[in-house]
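One structure is given below, encoded as structure tokens.
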Amino acid sequence: MDTIALLDGKRIILGVCGSIASYKSLDLVSKLTQSGVAVDVIMTEAAQRFVAPLAFQSVSGRPVYTDLWQSDADGGLPTHIAHIGLAEEADFLLIAPATANTIAKLAHGLADDLLAVTALAAKCPLAIAPAMDGAMYENPALRANLEVLRSRDVHVIEPEIGRFASGLSGLGRLPETSTLMGQVRRILGLDGELSGHKLVVTAGGTREALDPVRYLSNRSSGKQGYAIAQAALDAGAEVVLISAAQHLAPPIGARLVSVDSAGAMQEAVLENLVESTALVMAAAVADYKPADVSQQKIKKADHDLTLPLERTADILMTVKQRRADTGYPMIVVGFAAESENLVENATDKLQRKGLDLLIANDITANDAGFQVDTNRVLVLDMDGGLHKIDRRSKADIGAYIIERIGGLLD
Ligand code: CTP
């Protein structure tokens, strides 16, 4: 796993409470550490009944704090007031899983263990991920405590519906690591450079129906568009992700609009452009669709089949008109997938479609473009600037595009 720019070098305190879900936090610490975070784990006494501190120490590579009173060597803090230092240096305090007991302590300002004291002393953002049995999660006392915490700007990461250790099912399960990671990114990104800006990102290859079972499509996976959406969230933007991709988990915090055809994508784009700062058209939109969609499955015959195709609308050309009429989106970024004359064709697209930035792919390279996790691109701008990015992760290229959008806003 690569480091994540937003997280790299950050200090996060992870409070772990006594819940069967506390084993899941090991994976979270591992993923945070791999992303470049220094994770200081504080375990409550009950948490240590479920998982040994050594397990957390092994994945974080850092001391694990367990006791308000003991010295450094015994799992306590370097000095009896060091929790203040720990809290002061932290960029973020996450309590996952947060039990009903710790939530009650936080709501009432109790300070009888190291985690509660640290939470009281911390000035950084605080998030809690409640995890408990469904009946406990419905309890009015717990709900009232959560409301108190929300009113104090504590971020409450909603639990999920699922099966509990008791065998019962309900709302109260700790979300999976990927969701918790996404929530950490969303919360840490809130004050980013694009805070207050709305970005619309399209992704994936559109599908044009031929009959009830078949469609025409292309090899786009949607990965680059999803990476751009994640980078925009990391920068604090409100993100609408209009996606024709089928098998990708959307970044946490993005509003997902799923579409299939070019026509549906166009409709969704125009609907969401109102007051948008930028549109990034990373989707591979079909240029042609079957002239007729058969209502019944097309049966095979003894002769060849010729399919008449008709043009779809060019979404970026429609957006060019919309922008001229309304002023939105303020910035338009397009992509160009080319197999020959890259710069020439890309420059023509940039001008013809009225783009501020154009990201050009040479789709003949096998370590770039469709399906893979890396890309190599040329970034052209409306002032004639040309920037080459050699083989980098799609996440890095997403972050670069978002940085350029920030630059255009300045
Ligand atoms: N695009 C669009 N609407 C279409 C086709 C493409 O908005 N019907 C957008 C793509 O999302 C991309 C840009 O236009 O941002 C360029 O797409 P590309 O497929 O490279 O170019 P085309 O315009 O389809 O031109 P050509 O097929 O001649 O390369």
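The values are calculated or read from the model by the stated rules, or taken from the named source; none is laboratory data. Every value quoted in this text rests on a predicted model; they were computed, and no experiment measured them. Every residue, glycine as well, gets a Cβ built from its backbone with ideal geometry; the counts of neighbours run over all protein chains shown. All accessible areas refer to the heavy atoms of the entire protein, side chains included, with ligands and DNA or RNA removed. Shrake-Rupley method; radii C 1.70, N 1.55, O 1.52, S 1.80 Å.
Here are the numbers:
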| read-out | value |
| --- | --- |
| Rg over Rh, two decimals, segment 311-410 (C-alpha only, Kirkwood Rh) | 0.97 |
| For peptides 248-260, 207-219, sequence by mean Cβ density within 10 Å, most packed first | 248-260, 207-219 |
| Fraction of accessible area attributable to carbon and sulfur, segment 117-242 (%, probe 1.4 Å) | 52 |
| Value of Rg to Rh for segment 15-69 (Rh from inverse mean 1/r over Cα pairs, i.e. Kirkwood) | 0.94 |
| Choice from Leu309, Leu110, Leu94 showing the highest fluctuation, given a GNM over the chain with Cα pairs closer than 10 Å | Leu309 |
| Per-peptide average of other Cβ atoms within 10 Å, ordering 25-33, 386-394 highest first | 25-33, 386-394 |
| Helix-derived mean residue ellipticity, 222 nm - over the chain, DSSP H n ≥ 4, -39500 (n - 2.57), to 500 | -10000 deg cm²/dmol |
| Spatial separation of Cα centroids for segment 358-389 and segment 232-305, in angstrom | 21 |
| Those lysines that a straight Cα-Cα span of less than 27 Å connects to Lys320, excepting residues fewer than 8 apart in one chain | Lys198, Lys223, Lys289, Lys349, Lys353, Lys388, Lys394 |
| Alpha-carbon gyration tensor eigenvalues x 5, square-rooted, for segment 68-211, Å | 33, 23, 15 |
| Candidate lysines - alpha carbon under 16 Å from Lys10, same-chain residues fewer than 8 apart omitted | Lys31, Lys123 |
| For the chain: accessible area per residue (Å², 1.4 Å) | 48 |
| By average C-beta atoms within 10 angstrom, highest first, the peptides 312-323, 398-409, 34-45 | 34-45, 398-409, 312-323 |
| Residues whose placed amide H lies under 5 Å from that of Ala98, excluding near-sequence neighbours | Ala129, Ala131 |
| Cα Rg over Rh - segment 134-182, Kirkwood | 1.02 |
| Prolate/oblate/rounded label for segment 177-268 (Cα gyration tensor, a/c 1.5) | prolate |
| Volume per residue of the C-alpha convex hull in the chain, rounded to whole Å³ | 185 |
| Rh by Kirkwood over Cα pairs, then Stokes-Einstein D for segment 220-369 at 1.002 mPa s and 20 °C, µm²/s | 125 |
| Relative contact order %, the chain, counting alpha carbon pairs below 8 Å whose residues are six or more apart | 11 |
